Structures are given as C-alpha cells and as structure tokens.
1. Counting only residues that are within 21 Å of Ser94 (Cβ to Cβ), within 22 Å of the chain's Cα centre (by Cα) and not in a helix (DSSP H, G or I), how many does segment 125-146 have?
2. Being free of Cβ contacts under 8 Å to residues at least 60 places away in the same chain, more than 15 Å from Leu237 (Cα to Cα) and either in a helix (DSSP H, G or I) or assigned by TED's automatic domain parsing to the domain that holds Glu92 (or both) is the requirement here; does Ile179 meet it?
3. I'd like the full set of residues that are over 26 Å from Ser23 (Cα atoms) and outside any helix (DSSP H, G or I), limited to segment 147-156.
4. Restricting to segment 93-114, name every residue that is under 10 Å from His15 (Cβ atoms), touching a residue at least 24 places away in the same chain (Cβ under 8 Å) and either in contact with a strand residue (DSSP E or B) (Cβ under 6 Å, 6 or more places away or on another chain) or basic (Lys, Arg) (or both).
5. Regarding Ser144, is this residue in contact with a Ser or Thr (Cβ under 8 Å, 6 or more places away or on another chain), buried (at least 18 other Cβ atoms within 10 Å of the Cβ), among the polar types (S, T, N, Q) and closer than 29 Å to Lys80 by Cα?
6. Let me spell it out: the conditions are (1) closer than 24 Å to Tyr61 by Cβ; (2) in the same structural domain as Phe20 (by TED's automatic domain parsing), and His159 meets all of them except one. Which number is the exception?
Amino acid sequence: MLNVVILGTGNLAKHLFRAFSNSEKVHVVQVVGRNQESLNDFATQTITTHDFNSISDADVYVIAVKDDAIAEVSSYLKNKKGIVVHASGAVEMSAIEPENRGVFYPLQSFTKGKKVDFSTIPICIEANSPQSLKTLRILAETISEKVHEIDSDQRKKLHLAAVFVNNFTNYLYGVGEEICVEEGLPFDLLKPLILETAEKVQTLSPKEAQTGPARRNDEKSMESHLNLLNNKDHTALYKLLSEAIKQAYEKEL
C-alpha cells in the first residue's frame, strides 16, 4: 500500500484523488490546499488541511497546482522523506526543491464534472533515482495501463504536441460553432464529423487522414469559403491553415 498526499484542490487534484481512492493499493492520507471551501470536497473521505506546515508523512507527495506555484509548494516538503512529484507537462523536474523528486504527468485534459477513465490515460513519469522511478511506476500502474518513462525535455515537447492536438483543435471547434450559430444551425450537425476524424487517426497517421479543399488544392472552393467569412481573425486562420496544408502536400498535388 502506497501512502499519498495530494497538494492542490483543483480539477486535476480531484481527478487524481478519485483515481487513487478507487485503487486498493493506494491510500490518500491527506489533501492539502489553501482554499478551505475547496478542501470541503475532500473532507468526508480523507484528512484535509490548509496549513502547509502540518503535512502528513507519505511515500509520495503529488503537487497538483498551477505551474508557477509548484516551486513554492515544494519548499514546504524539503524535510520529507517521500518522493515529491509535480503533475505538470511543461515544468522541469528541477523546479521541485526537495532532492527526492520526480514527475507524475497524466496526459489528458481534465474538466470539472467530467469523469475520465484513468486506465486509458498515459501517465508519464520521471525521477532522479532508480528507486524513486520504480515507486512512481508502481503508483502509476495502480490507476493506468499506459505508463511511460520520459525525461523533462521529451515531456515538454509532448505537452507542446498536446496543445496542438487538443487546445488549438478545440478552439477551431469554437470557430465552427460560431459559424453554425450565425446561420441558425445546430453545432450537433458537426459532431459525427468530429468523431469520425478522431477515430480515423486511431488507425491512420494524421498525414494519411488529411482531406479537404487545401489537401486537394481546390482553389475555387477555398475562395468561396473566404468570401463567406465575416470575421477577419477567422479569415486569417483559414488562409494560414490552408497554406500550411497545401505546402505539406504540394509534392503530391
């Protein structure tokens, strides 16, 4: 049984708490956070505190706070014997003050109130000693079937890739929704297409799966689309992305 303390009370902390609590091999002995109201969400299931000088002993301390607070929070753990990890995709392991440190990064987008199946989520781990890495692997495998050992440089590039495939793509969904709303059309009409594209890249590379006017270099269709756009930002996006797609496939056209 691994004893874990979670530091943080946001979306990620809540999802990790739920996943760890569902495992028979993990005991969340405490949740630590500054916001007493948020701590109340955990209070019926474990010990909570807003006093960072009263943190319990544990095998692993998981810091699940915003990136620029990781270093400060870790400073309260410098005298602890357990492994101190953060759960960020963009912050180096060296940002943690205690010597026994690591990273426990679940590669997923976490939204308030939206449950996720942790068994399918890749968890990327890193540590500064073989024994700590072994412990983090054991912890990760209690909640996920996909555990990967990667270093900080690899993780930062992976996080960058995730921004492209998740955050930027979701923004484009929003653009599509705006266009639909302007014409009194339900965004639901696009959802089967979104699902088909997501399912397609499970078996094909994105390069193989690419379709559309820019992929075919269909100048007439692209010009027609540009004439329909009223938002200058949407026009700039359309031109930029279309040109990027055209250049990616110019040898095949």
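The values are calculated or read from the model by the stated rules, or taken from the named source; none is laboratory data. Remember, it's a predicted structure, so these values are computed and weren't measured experimentally. Note: ideal-geometry Cβ built from the backbone for every residue, glycine included; neighbour counts use all protein chains shown.
1. 3
2. Details: free of Cβ contacts under 8 Å to residues at least 60 places away in the same chain: yes; more than 15 Å from Leu237 (Cα to Cα): no; either in a helix (DSSP H, G or I) or assigned by TED's automatic domain parsing to the domain that holds Glu92 (or both): yes.
No: the conditions fail for Ile179.
3. Listed by number, the list holds a single entry, Asp151.
4. Of segment 93-114, the ones under 10 Å from His15 (Cβ atoms) are 106, 108, 110-112, 114.
In the following step, the residues that additionally are touching a residue at least 24 places away in the same chain (Cβ under 8 Å) were identified as 106, 110-112.
Once the filter is applied, which keeps residues that are under 10 Å from His15 (Cβ atoms), touching a residue at least 24 places away in the same chain (Cβ under 8 Å) and either in contact with a strand residue (DSSP E or B) (Cβ under 6 Å, 6 or more places away or on another chain) or basic (Lys, Arg) (or both), segment 93-114 yields Pro106, Lys112.
5. Working: in contact with a Ser or Thr (Cβ under 8 Å, 6 or more places away or on another chain): yes; buried (at least 18 other Cβ atoms within 10 Å of the Cβ): yes; among the polar types (S, T, N, Q): yes; closer than 29 Å to Lys80 by Cα: yes.
For Ser144, the condition - in contact with a Ser or Thr (Cβ under 8 Å, 6 or more places away or on another chain), buried (at least 18 other Cβ atoms within 10 Å of the Cβ), among the polar types (S, T, N, Q) and closer than 29 Å to Lys80 by Cα - is met.
6. His159 satisfies all of (1) closer than 24 Å to Tyr61 by Cβ; (2) in the same structural domain as Phe20 (by TED's automatic domain parsing) except (2).
Let's see how each residue does on (1) in contact with a His (Cβ under 8 Å, 6 or more places away or on another chain); (2) not aliphatic (A, V, I, L, M):
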residue: Asp57; (1), (2): no, yes
residue: Tyr61; (1), (2): no, yes
residue: Ala71; (1), (2): no, no
residue: Ser74; (1), (2): yes, yes
residue: Ala87; (1), (2): no, no
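This table checks each residue for (1) assigned by TED's automatic domain parsing to the domain that holds Phe164; (2) of a type outside the set (A, V, I, L, M, F, W, C); (3) crowded, with 17+ Cβ neighbours inside 10 Å.
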| site | (1), (2), (3) |
| --- | --- |
| Gly89 | no, yes, yes |
| Ile96 | no, no, yes |
| Val103 | no, no, yes |
| Leu107 | no, no, yes |
| Lys115 | no, yes, no |
| Phe118 | no, no, yes |
| Pro122 | no, yes, no |
